[in-house]
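Below is one structure, written out as structure tokens; comments come after it.
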Amino acid sequence: MFCSNCGKEVAPEAVVCIHCGSAVNKTANSIVGQKSKLAAGLLAILLGLGIHNFYLGFTGKAVAQLLLSFCGVGYIWCLIEGIMILTGSINTDAQGLPLKD
Ligand SMILES: [Zn+2]
């Protein structure tokens, strides 16, 4: 793995570059645990219960959608988010990792 600021090699588990002190941008390197954009979008549209936000790690929002789904509002919210996920308007998970196609 290489520092995105100074370009020198840093340890794979490093969060800060030992050469220049800048935060290492992990998204520029190999990403593990990336969530699937398609899976998240389909969970949102097909289920509409906030399950896609549990999947992406937005637990608070997921619980709100789950509760709202019992009065119909949650499904519309999930549907909009599902479309936003599939079109790329929502493109990161709760950790800020980009979703894979
Ligand atoms: Zn550096």
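Throughout, read-outs are computed from the coordinates displayed, never taken from laboratory work. Being a predicted model, the structure only gives us computed values, none of them experimental. Here the Cβ is made from the backbone with ideal geometry for all residues, glycine too, and neighbour counts use every protein chain on show.
Applying a DSSP loop filter and a limit of 16 other Cβ atoms within 10 Å to the GluC sites (Glu not before Pro) in region 1-94 leaves Glu13. For a 4.7 Å threshold on C-beta separation, the list of partnerless cysteines in the chain reads Cys71, Cys78. Taking amide H positions as modeled 1.01 Å from N, with prolines and chain starts lacking one, the residues under 5 Å from Phe2 and 5 or more places away or on another chain are Val10. Less than 5 angstrom separates the built amide H of Thr92 from those of Leu99, all sequence-distant by 5 or more or on a different chain. Relative to the longest principal axis of the Cα atoms of the chain, the long axis of helix 73-87 lies at roughly 40 degrees.
Charges only on Cβ, +1 for Lys and Arg, -1 for Asp and Glu: so what's the dipole of the chain about the Cα centre, in debye to the nearest 20? Don't skip to the end; give the middle numbers.
Working: 6 positive and 5 negative charges, 6 e Å.
Computed about the Cα centre, the dipole is about 20 debye.
Against the longest principal axis of the chain, how steep is helix 59-68, in degrees 0 to 90 to the nearest 10, with axes from Cα atoms? For 59-68 against the chain, the angle is about 10 degrees.
Using Cβ contacts closer than 10 Å as the measure, can you line up Val24, Val15 from fewest to most? Intermediate values should be presented prior to the final figure.
Values: Val24 21, Val15 9.
If I rank by nearby Cβ atoms, fewest first, I get Val15, Val24.
Enumerate lysine pairs in region 1-94 that are 8 or more residues apart or on different chains, then count those whose Cα atoms are under 24 Å apart. Intermediate values should be presented prior to the final figure.
On the way: Lys8/Lys26; Lys26/Lys35; Lys26/Lys37; Lys35/Lys61; Lys37/Lys61.
Count of close lysine pairs: 5.
Neighbours of Gly74, meaning other residues whose beta-carbon lies under 12 angstrom from its beta-carbon, give a summed charge of 0 when Lys and Arg score +1 and Asp and Glu score -1.
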